Amino acid sequence: MSLISRGFRGRRQTAETAARLPPGQYETRDFPVLSAGPTPRIPLTAWNFTLKGANGRTARWTWDEFVALPRSTTTTDIHCVTKWSKFGTVWEGISVDTLLSEAARHGVEPSPYLLATCDGGYTTNLPLADVTGGKAWVAFMYDGAPLPSEHGGPARLLVPHLYFWKSAKWVRELRLMESDSPGFWESLGYHNYGDPWREQRYAGDE
Amino acid sequence: MNPVGAAPRISWRQATVIDVVPETPRTRTLVLDVLDWPGHRAGQHVDVRLTAPDGYQAERSYSIASAPEDPRLALTIERLEEGEVSTYLADELHTGDKLELRGPIGGYFVWDVPVGGPLFLVAGGSGIVPLMAMLRHREAALGTSDAASRRGLPARLLYSSRGWEEVIYREALARLAQNDTALEIRHTLTRSQPAGWTGFRRRIDRAMLEEVAWPSSERPRVFICGPTSLVESAAQAMVELGHEPALIKTERFGPTGGAV
């Protein structure tokens with residue numbers, strides 16, 4: 001039972017908006033920027049992307065090789081743990097399914113968990129089941145243009161069904177793992193899984 | 001779902017407003033008595049939840065302004081145009097009212113005395129709030145220390161505001177610096193300056209940071225908080241000045257616009 005806030009009415013959304021908002025979120029038309037440190041900047045000639053198997057096998061792409069992989073476009077709502085949600089964002093990138101099937105040709109085998117690691121040292125952990133089956137991408141285009149660096153460019157992970165800290169900016173590697181291992185925010189008090197519809201913001205949220 | 005397992009839920013707590021302190025035309029501080037507050041670290045924030053009579057709820061995050069040593073929790077609220085929660089907290093709430101919050105939240109943008117210094121703080125607008133908690137924590141820890149031990153934990157603040165009337169904690173900052181030669185505070189006023197103003201009068205840039213900050217060889221702990229444009233450019237400039245990215249911690253707030 002919550003305390004009623006004397007005199008608070010709040011701003012009601014339309015039924016359509018309310019249905020799209022996970023609990024505790026509000027809609028924003030901006031695209032706020034959040035990150036824990038300076039924005040890393042890397043020339044595309046020095047950029048590459050690695051998918052590493054728990055068995056030690058790796059697949060690696062240069063920028064040119066990466067963007068030549070079969071692309072997909074997705075339109076999705078995104079939800080940040082700091083409470084804002086943004087509807088109908090348009091992204092283009094390579095699905096993790098595609099990366100895994102390409103990597104399989106280099107002997108990389110699936111494992112139940114993965115850790116995304118990034119320029120700047122950021123990490124986040126995910127179950128493999130949450131990045132396969134058309135649920136996750138490594139995106140390098142936003143709204144029809146190259147992804148700006150403050151939003152994670154040249155490329156970021158996109159896992160829109162989880163809070164947006166899981167969609168790691170400046171991602172450079174996906175490392176498959178046999179067991180789960182908490183990433184950056186997951187080690188600093190945030191929830192290990194982060195389902196916005198169950199409002200799993202912080203460690204201990206059910 | 002959580003392999004860490006031991007983490008208890010950060011539960012909602014009832015807070016009572018025991019004082020309301022006007023800071024600037026757009027901001028005020030709510031001083032709260034929080035039932036069973038577990039304590040916090042300087043730089044952390046809380047989630048505030050408001051509930052309307054029909055059950056509708058809205059949540060927002062606010063940085064903690066008070067030192068961990070202070071038994072009362074202080075939140076400084078900036079009234080945002082059309083801010084659903086901030087207008088209520090900045091205009092409606094009175095002494096004696098109750099609200100719900102949970103925290104403390106955030107384990108990265110924090111500074112404790114044992115981390116050491118030099119401590120270099122860069123603030124834009126209401127981005128001063130978590131940095132004020134750090135300065136208050138430093139002051140509380142140093143207590144009656146003499147000048148020599150204060151010099152062992154030096155701090156500098158570079159604070160950008162639009163005008164002199166919009167400087168949050170203006171008097172409190174001046175008091176902190178008054179008897180502490182190891183704390184230096186520099187203001188920049190980007191839109192209007194009082195008569196006779198001799199300080200900076202432009203947005204924070206690389207030259208200003210080079211002038212005010214310690215050199216990278218001193219390895220200052222850097223905390224930057226403000227609107228995105230300020231945080232992006234200040235953090236980038238600090239990296240260009242040779243500071244190690246891992247020593248630069250950033251926190252941003254507000255929409256993508258809102259330059260200070």
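Quick note: the coordinates plus some simple rules give every number you see, no bench work behind them. Please read these numbers as outputs of a predicted model, since none were measured by experiment. Cβ sites come from the backbone with ideal geometry, for glycine too, and all protein chains shown count toward neighbours.
Sequentially through region B:222-236, phi angles give Karplus couplings (6.51, -1.76, 1.60; θ = phi - 60°) of 10, 10, 10, 9, x, x, 3, 4, 5, 5, 4, 6, 5, 5, 4 Hz, Gly and Pro residues having no value and appearing as x. Between B:ASP91 and A:THR50, the modelled labels are 5.5 nm apart [label points 7 Å from Cα along Cα→Cβ]. Placing +1 on the Cβ of every Lys and Arg and -1 on the Cβ of every Asp and Glu, with nothing else charged, gives the protein assembly as shown a dipole about its Cα centre of roughly 420 debye. Only one residue of A:GLN200, A:PHE31, B:TYR88 has its Cα farthest out toward the positive end of the dipole of the protein assembly as shown, where Lys and Arg carry +1 and Asp and Glu -1 on Cβ, and that residue is A:PHE31. Name the residue, out of B:THR95, B:THR51, B:THR188, whose mean-square fluctuation peaks in a Gaussian network model built on chain B with Cα pairs under 10 Å. Result: B:THR51 has the largest fluctuation of those listed. Taking only alpha carbon atoms, the protein assembly as shown gives an Rg to Rh ratio of 0.97, where Rh is the Kirkwood radius.
Hey, got the dipole for region B:13-105? About the Cα centre, +1 on K and R Cβ, -1 on D and E Cβ, debye to the nearest 20?
Values: 10 positive and 17 negative charges, 52 e Å.
With Lys and Arg at +1 and Asp and Glu at -1, about 240 debye.
Around B:ASP36, with a cut-off of 15 angstrom between Cβ atoms, what is the net charge of the other residues, counting Lys and Arg +1 and Asp and Glu -1?
+3
From the square roots a ≥ b ≥ c of the eigenvalues of the alpha-carbon gyration tensor of region B:113-253, which class results: rounded (a/c under 1.5), prolate (a/b over b/c), or oblate? The shape class here is oblate. 3J(HN,Hα) couplings calculated from phi for region B:8-17 with the Karplus curve 6.51 cos²θ - 1.76 cosθ + 1.60 (θ = phi - 60°) are, in sequence order, x, 5, 7, 8, 6, 10, 8, 10, 10, 6 Hz; Gly and Pro show x. Candidates B:VAL231, A:MET141, B:MET208 compared by Cα position along the dipole of the protein assembly as shown: farthest toward the positive end lies B:MET208, with charges placed on Cβ. Label zone of A:LEU3 (point 7 Å out along Cα→Cβ, amide N under 16 Å): in region B:86-123 this covers B:88-90, B:92-104.
Hey, fewest Cβ within 10 Å first, where do B:TYR56, A:TYR190 land in order? Don't jump to the answer; show the numbers that get you there.
Details: B:TYR56 15, A:TYR190 25.
Exposure proxy ranking, most exposed first: B:TYR56, A:TYR190.
Its convex hull of Cα atoms gives region A:146-188 a direction-averaged projected area, equal to a quarter of the hull surface, of 3.7 nm².
Which net charge results when you count Lys and Arg as +1 and Asp and Glu as -1 among the other residues whose beta-carbon is under 13 Å from that of A:TYR193?
Numbers: positive: A:LYS166, A:ARG198, A:ARG201; negative: A:ASP130, A:ASP180, A:GLU186, A:ASP195, A:GLU199, A:ASP205, A:GLU206.
With Lys, Arg at +1 and Asp, Glu at -1, the net is -4.
Quick one: work out the % antiparallel among DSSP beta bridges in chain B, nearest 5. Intermediate values should be presented prior to the final figure.
Values: 30 of 55 bridges.
If we restrict to bridges inside chain B, about 55 percent are antiparallel.
For the pairs A:LYS52/B:LYS249; A:LYS86/A:LYS169; A:LYS86/B:LYS98; A:LYS135/A:LYS169; A:LYS52/A:LYS166; A:LYS166/B:LYS249, flag any whose C-alpha to C-alpha distance is greater than 22 Å. Going by Cα-Cα distance, A:LYS52/B:LYS249; A:LYS86/B:LYS98 fall outside the 22 Å limit.
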